[in-house]
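The numbers here are math on the coordinates, done by the rules we state, and not lab data. Since this is a predicted model, take the numbers as computed values, not measurements. Cβ: placed from backbone, ideal geometry, glycine included. Neighbour counts: every protein chain shown.
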Amino acid sequence: MTASEATRPATAGREQVPPRPTGRSFANVLRSELTKLRSVRSTMWTLLVAVFFVIGFGILLGAVVDSKAPGRDFDPTQASLSGIFLAQLATGVLGVLVISSEYSTGMIRTSLAAVPRRRMLLAAKIITFGVAVFVVTAVAAFIAFFSAQALMGSPAATSLGDPGVLRAVIGAPLYLTGIGLLGLALGTMLRRTAGAITALFGVIFVVPIILNVIPLDWLNHLAKYAPGDAGQSMLSVVHRRSDQLSPLTGGLVFLAWVVGALVLATIPLMKRDA
């Protein structure tokens, strides 16, 4: 036996299997996304603006309502949640910034280098952002509701035990979270803060106005299926319009808008370079 044969490793006759890449676990990706979300100053300020609108307008409407003659079609629950209309601007903008700020600063290259599985990265952003917005706005919605009802007084006030009230109060943070996720999806697709915010406001505000202004019945009928109108039907307990979507139908339509936008956002994320 030669010296080279004597020193040959015992495994030389077996096929060498390369080690499998370990990558980063989803839990680690979630923690890193949560750290990024908390470390950005705009997150805190934008959420504070949303909380201010929700609670502030709830208290304001509760204070000015005439408790003795509120009107037959008055919805005390929706009145206490009236700040949602402005708070959606804050959560929508924050959703855009969560992803567009990484593209503008070049941080997205570092993120994708650390997490090459792009769907995992997007899923982590969706979960961390969605949970944070829902928790913060849910606390604000309940504070606004109880504060407004206390200021309204009997007989205008309502309680969580009344039919549809708890569903409407929980629907408020669900709606705000959905608007934020729409912003996140548009920011992922367009990669530009200004363009994504413009597109978001156009979908929420401009499209329903156009559909209602054009004198065509079938277009007017479609307006209630726009994401803003459909989502806000979840906040109603008293239905003022006969053509308004029910809370369940409106919630499902709104969910379809959000899920569809997030699915579409994965296409440019997977196919385009950072």
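Taking the fewest neighbouring Cβ atoms within 10 Å as the starting point, the ordered list for HIS239, HIS221 is HIS221, HIS239. Over the residues of the chain, the helix contribution to mean residue ellipticity at 222 nm works out to -22500 deg cm²/dmol, using -39500 (n - 2.57) for each DSSP H run of at least 4. Here the dipole of the chain is about 1040 debye; that uses its Cα centre as origin and unit charges on the Cβ of Lys and Arg (positive) and Asp and Glu (negative). Here is the result for the range 128-184: no chymotrypsin sites (Phe, Trp or Tyr not before Pro) lie in DSSP coil with at most 14 other C-beta atoms within 10 angstrom of their C-beta. Cβ crowding within 10 Å ranks SER104, SER32 as SER104, SER32, fewest other Cβ atoms first.
Please list, short to long, the whole-number percent of alpha-carbon pairs of the range 126-274 in consecutive 10 angstrom bins beginning at zero. Once binned at 10 Å, the Cα pair distances of the range 126-274 give 11, 33, 33, 18, 4, 1.
Separation of the range 120-172 and the range 97-119, taken as the distance between their Cα centroids, equals 31 angstrom.
Ranking PRO163, ALA148, PHE254 by Cα position along the charge dipole of the range 125-256, where only Lys, Arg, Asp and Glu carry charges on their C-beta atoms, puts PHE254 farthest toward the positive end.
With q set to 0.11, 0.14 Å⁻¹, the log10 of I(q)/I(0) for the chain, from the Debye formula over equal scatterers at the Cα positions, is -0.68, -0.99. For the range 188-274, the ratio of Cα radius of gyration to the globular rule of thumb 2.2 N^0.38 Å stands at 1.27. Here the calculated FRET efficiency for ILE210 and THR266, from their Cβ-Cβ distance with R0 = 30 Å, stands at 0.55, rounded to the nearest 0.05.
Ranked from largest, the principal axis spans of the Cα set of the range 119-165 equal 51, 20, 10 Å. Can you give me the angle between helix 26-39 and the longest principal axis of the chain, using Cα atoms only, in degrees from 0 to 90, rounded to the nearest 10? So the helix axis and the longest Cα principal axis differ by about 60 degrees. Per residue, the convex hull spanned by the alpha carbons of the range 55-131 comes to 105 Å³. Rounded to whole numbers, the Karplus 3J(HN,Hα) couplings from phi for the range 129-144 are 5, x, 5, 4, 5, 4, 4, 5, 6, 5, 4, 5, 5, 5, 5, 4 Hz, using 6.51 cos²θ - 1.76 cosθ + 1.60 with θ = phi - 60°, and x at Gly and Pro. Helix 41-64 and the longest principal axis of the Cα set of the chain meet at an angle near 20°.
The range 226-273 gives an Rg/Rh value of 1.22, both radii derived from C-alpha positions and Rh following Kirkwood.
Share of pairwise Cα-Cα distances greater than 19 Å in the range 45-179 is 54 percent (whole percent). Phi-derived couplings, Karplus 6.51 cos²θ - 1.76 cosθ + 1.60 at θ = phi - 60°, listed residue by residue for the range 155-160: x, 6, 5, 10, 9, 4 Hz, with x used for Gly and Pro.
When each of ARG167, ARG119 is scored by the number of other beta-carbon atoms lying within 10 Å, the sequence from fewest to most is ARG119, ARG167. Per-peptide packing, taken as the mean over residues of other Cβ atoms within 10 Å, places 159-165, 187-193 in the sequence 187-193, 159-165 from highest down.
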